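The values are calculated or read from the model by the stated rules, or taken from the named source; none is laboratory data. Small disclaimer: the values here were computed from a predicted structure and weren't measured. As a convention, Cβ positions derive from the backbone with ideal geometry for all residues, glycine included, and neighbour counts pool all protein chains shown. Note: accessible area is taken over every heavy atom of the protein model, side chains too, but ligands, DNA and RNA are not part of it. Shrake-Rupley method; radii C 1.70, N 1.55, O 1.52, S 1.80 Å.
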Amino acid sequence: MATPAFEEIAETFDFLDDWEERYRHVIELGKAMAPMDPALQVPATRVEGCASQVWIMPMIADGRFDFQGDSDAMIVRGLIAVLHALYAGLPVDQVEAVDAQAALARLG
């Protein structure tokens with residue numbers, strides 16, 4: 001099960017011939033992502049163990065899952081955008097049903 005936003009990314013990746021094009025596309029997805037509110041970039045939302053700085057703030061509104069995220073590394077910011085496309089807007093009870101490994105494997 002994938003969101004329409006993730007399906008669009010997967011379809012785009014089907015047309016990209018090599019990893020360099022995919023890498024550039026992921027960076028572009030990150031650039032296009034709405035910025036995270038700087039007030040949310042606090043130690044409580046920081047992802048530990050990353051070489052770059054990464055923040056994720058999960059939210060639930062009207063029974064649907066969403067999150068804001070950001071990173072100081074463009075490729076990581078793009079990966080956050082991919083995960084956002086995979087999960088954002090799903091009903092909370094469907095989040096655990098997402099097979100992220102299988103979905104991301106589609107992107108190569």
Task: Gaussian network model of the chain, Cα within-10 Å springs - most flexible of Leu40, Leu86, Leu29 - done: Leu40
TODO: For the stretch 73-81, just list the computed ³J(HN,Hα) in residue order, Karplus coefficients 6.51, -1.76 and 1.60, θ = phi - 60°, integers in Hz, with x standing in for Gly and Pro.
DONE: 9, 4, 5, 5, 4, x, 5, 4, 4
Open item on the list: As a test of the formula, what do you get for the chain when each DSSP H run with n ≥ 4 contributes -39,500 (n - 2.57) and the sum is divided by the residue count, at 222 nm and rounded to the nearest 500 deg cm²/dmol?
Closed with: -13500 deg cm²/dmol
Task: Interchain or long-range residues, amide H under 5 Å from Gly89's placed H - done: Phe65, Asp66
TODO: Please identify, among Met59, Met33, Met74, the residue showing maximal mean-square fluctuation in a Gaussian network model of the chain using a 10 angstrom Cα cutoff.
DONE: Met59
Task: Relative contact order (%) - the stretch 46-108, alpha-carbon pairs under 8 angstrom, separation at least six - done: 25 percent
Task: Charge dipole magnitude, Cβ of K and R +1, D and E -1 - the chain, Cα centre, debye nearest 20 - done: 300 debye
Task: Environment charge at Met57 (Cβ cut-off 12 Å; Lys +1, Arg +1, Asp -1, Glu -1) - done: -2
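Just add up the charged neighbours of Leu79: K/R +1, D/E -1, any other residue whose Cβ is under 15 Å from the Cβ of Leu79. Mind dumping the intermediate values first?
Details: positive: Arg22, Arg24, Lys31, Arg77, Arg106; negative: Glu28, Asp70, Asp72.
So the surrounding residues net to +2.
For the chain, just say rounded, prolate or oblate: build the C-alpha gyration tensor, square-root its eigenvalues into a ≥ b ≥ c, call rounded for a/c under 1.5, and beyond that prolate if a/b exceeds b/c, oblate if not.
oblate
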Task: Chain lengthening between Phe15 and Cys50 when straightened (0.36 nm per residue, less Cα-Cα) - done: 9.6 nm
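For the stretch 15-86, what is the relative contact order in percent, using Cα pairs closer than 8 Å and at least 6 residues apart in sequence?
Working: 85 pairs, mean separation 24.8, N = 72.
Relative contact order of the stretch 15-86: 34 percent.
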Task: Accessible area (Å², per residue) of the chain, counting only protein heavy atoms and a probe of 1.4 Å - done: 62 Å²
Task: Rounded percent of accessible protein surface that carbon and sulfur make up, the stretch 1-48, 1.4 Å probe - done: 56 percent
